[in-house]
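Read the structure below first, then the notes.
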Amino acid sequence: MLRSRLTRTVRFFALHYLARPDWSAEQNRAAFGPLCDPAGHGHDYTCTVTVSGPLRFGMVMDLGALDRLLDAIVLKGLRGRLLNRDVPEFSGERLPTCEAIAGWIYERLLPQLPVDVNLDAVRSLAGLQGVDREVEQDLQEVRAVDIGDELVVEAVNRELVTLGTWVPDK
C-alpha cells in the first residue's frame, strides 16, 4: 500500500524565560542575559507536525482529527501561557526551549494518533518580536548557550529565531 506524509502547522503566542533552577541568579544572568527575567518574554511560535502512513481513501489520516488534536494539545495547552509557570513540565529542570516544546508536543501527540500513523517530526519555531531596543541589542549578542542539551540561537534580521525539532529514534 502506498505511504504518504501529511504536514500541518499551527501558530500561537506564549511567554517563557530561560533560567536553570540549580543556578544562582548571577549564573543565569551570565548565561542567558535578559532571557532569564522571570516576567518572561513572548514568542510567536510556529509548530509543524509531520505524520505518515498508508494512503487510504486519498489521505494519511482525517485532517479534521489531526486539527482537533493540535488544538487540544498545542493551542489549548500552550497558547497565551507563561510556560515556566503554567505548564508543569517546564516549571523545573526542563527549560521551555524550542527543542523541549517540540518534545512536549511529541510526547502528547504520539499516543493519540491512529495505530497505523507514524509521527515523523514535530518542529517548534520561535520568533521574538516587539522587544525594547536595549533587550533587542542584548539579544543580538546571544549566539549559543550550553544548557546540557544543544540550544542554537541565531539573530536573523534583528529578530531572534530559534528552531527545535523532535524526531523519533530510528
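In this label model, Asp62 and Ala25 are separated by 5.2 nm, measuring between points 7 Å along each Cα→Cβ vector. Note on Leu75/Asp120: beta-carbon distance plugged into 1/(1 + (r/R0)^6) with R0 of 25 Å gives a FRET efficiency of 0.75. Only Lys, Arg, Asp and Glu carry charge here, each on its Cβ (+1 for the first two, -1 for the last two); on that basis the stretch 16-72 has a dipole of about 160 debye about its Cα centre.
Here, P(r) means the percent of Cα pairs in each 10 Å bin from 0 to the largest distance; for the stretch 16-93 it is 16, 34, 23, 16, 9, 1.
None of the figures in this text is laboratory data; all of them are computed from the coordinates on show. Because the structure is a prediction, the values reported are computed rather than measured. Every residue, glycine among them, receives a Cβ derived from its backbone with ideal geometry; neighbour counts consider all protein chains shown.
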